[in-house]
Amino acid sequence: MKQLKETAEKIKSMEIRGAGKIARTAASELRDYAARLEAKYLDDFNKKMKYAAELLVSTRPTAVSLPNAIRWVMRYKGENVDEAKADIKKLADEFITNSENAVRKIGEIGARRVQDGDTIMTHCNSSAAISIMAQAHAQGKDINVIATESRPRWQGLLTIKQLDKLGIDATLIVDSAVRFFMKDVDLVIMGADAVTVNGSVINKIGTSQIALAANESRKNVVIAAETYKFSPRSILGELVEIEERASEEVISREKLDELSNVRVRNPAFDVTPREYIDLICTEVGAFPPEMAYIIIKDFLGWEIEEMNST
Ligand code: RI2
């Protein structure tokens, strides 16, 4: 229980972050938690697993990869506790391997859209988006990347570090300089925390402004997103909840306390309408956002079936 709570806290505090990474972490935590459980009876075991799943899902409400990963593992079957544990291990390992392969495959597919000499703009820190840049660079394409700071959590610093390690030229800019630099950009590549059935993309706050500036300058926007970031529940009309984080990420409590009429709003994500997205690059191909329903139906069909039967 202690380790489960620690993992949940690390995801919540963003010590572990990135939509793909939190999904893989939740899957591996469920697997390890199950292995540690000493329950004798299946009913008791199932109850404890349900508690763990709910705790992990509640850590970050926006990234759909998290509930998708958890539901994948929670489809386990078994006549007794040992069988259930074995099935959970199989499902969790399967999810993690598929997810790692997906990020690599997105790199291969997405790199075809990158030309030699391109200047790419990116936002926040997306392993799927960086996979495309890494692959293009590995193919010998001379690229350079403009990376935003991505305040308030500064994930842009992680991005420039990773690019630097890969040997890719990078320029760090403040978030408000996006439109200023858009004229130099050939292609915008960003990640996703969720993709809805109508092709809207939910990603780090500021993504929609970048897409808007790119649209104004007629620059293509590519979203790198594994299929498990698509939201089957959006078919039921459910909206993806936008996480709002603590004001302390923006201004210190002391400074805020000095002001009597000021409050801070800190949404972590925003929604980019599909009109501003040219392509969503998944591990099964690159599609226009209008194809989101097909992706959900073909690759998350098991979820739709389960949703319909409950
Ligand atoms: P990968 C991140 O969320 C960013 O919004 C990023 O674009 C997205 O997850 C996808 O990241 P946060 O955890 O899965 O920083 O591509 O809030 O790594």
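The values are calculated or read from the model by the stated rules, or taken from the named source; none is laboratory data. Being a predicted model, the structure only gives us computed values, none of them experimental. Don't worry about glycine lacking a Cβ; one is built from the backbone with ideal geometry, like all the others, and counts go over all protein chains shown. Remember, those area values only see protein heavy atoms, side chains included, never the ligands or the DNA or RNA. Shrake-Rupley method; radii C 1.70, N 1.55, O 1.52, S 1.80 Å.
Miscellaneous remarks
- Distances between placed amide hydrogens fall under 5 Å for Phe230 paired with Val195, all partners being 5 or more residues away or on another chain.
- The phi-based Karplus calculation (6.51 cos²θ - 1.76 cosθ + 1.60; θ = phi - 60°) puts the 3J(HN,Hα) values of the range 244-255 at 10, 9, 5, 5, 4, 6, 9, 8, 5, 4, 4, 5 Hz, whole numbers, x for Gly and Pro.
- Degrees between helix 155-166 axis and first principal axis of the chain (Cα, 0 to 90, nearest 10): 80
- Using alpha carbons only: equivalent-ellipsoid semi-axes of the range 106-308, gyration tensor based, whole Å: 27, 25, 14
- Cα gyration tensor category, rounded, prolate or oblate, for the range 2-104 with a/c compared to 1.5: oblate
- Phi angles of the range 213-224 translate, via the Karplus equation with coefficients 6.51, -1.76, 1.60 and θ = phi - 60°, into HN-Hα couplings of 5, 5, 4, 4, 8, 6, 9, 6, 10, 10, 10, 9 Hz per residue; Gly and Pro are given as x.
- 222 nm mean residue ellipticity, helices alone, for the chain (DSSP H n ≥ 4; -39,500 (n - 2.57); rounded to 500): -14500 deg cm²/dmol
- Length gained when the stretch Asp298-Glu9 is fully extended (0.36 nm per residue, less Cα-Cα span): 100.7 nm
- Relative contact order for the chain, counting Cα pairs under 8 Å that sit 6 or more residues apart, in percent: 17
- What the range 106-308 shows is 47 Å² of accessible area per residue, with the surface traced by a 1.4 Å probe over protein heavy atoms.
- Axis angle, to the nearest 10 degrees, between helix 19-36 and the longest C-alpha principal axis of the chain: 20 degrees.
- Stokes-Einstein diffusion for the range 1-59 at 10 °C, viscosity 1.306 mPa s, with a Kirkwood radius from C-alpha pairs, works out to 136 µm²/s.
- Under 5 Å between amide hydrogens, built in the peptide plane, is the criterion, and for Asn203 it picks out Asp193, Asp270, Thr272 among residues at least 5 positions away or on other chains.
- Hypothetical label at Leu166: residues of the range 87-105 whose amide nitrogen lies under 17 Å (7 Å Cα-Cβ projection): 100-105
- Relative contact order of the range 2-104: 36 percent, from C-alpha pairs under 8 Å at least 6 residues apart in sequence.
- Label sites at Arg265 and Asp87, each approximated as a point 7 angstrom past Cα along Cα to Cβ, lie 4.6 nm apart.
- Sorting 215-228, 40-53 by average packing, meaning the other beta carbons within 10 Å per residue, from highest down gives 215-228, 40-53.
- Packing rank of 192-199, 3-10, where each peptide gets the mean count of other beta carbons within 10 Å, highest leading: 192-199, 3-10
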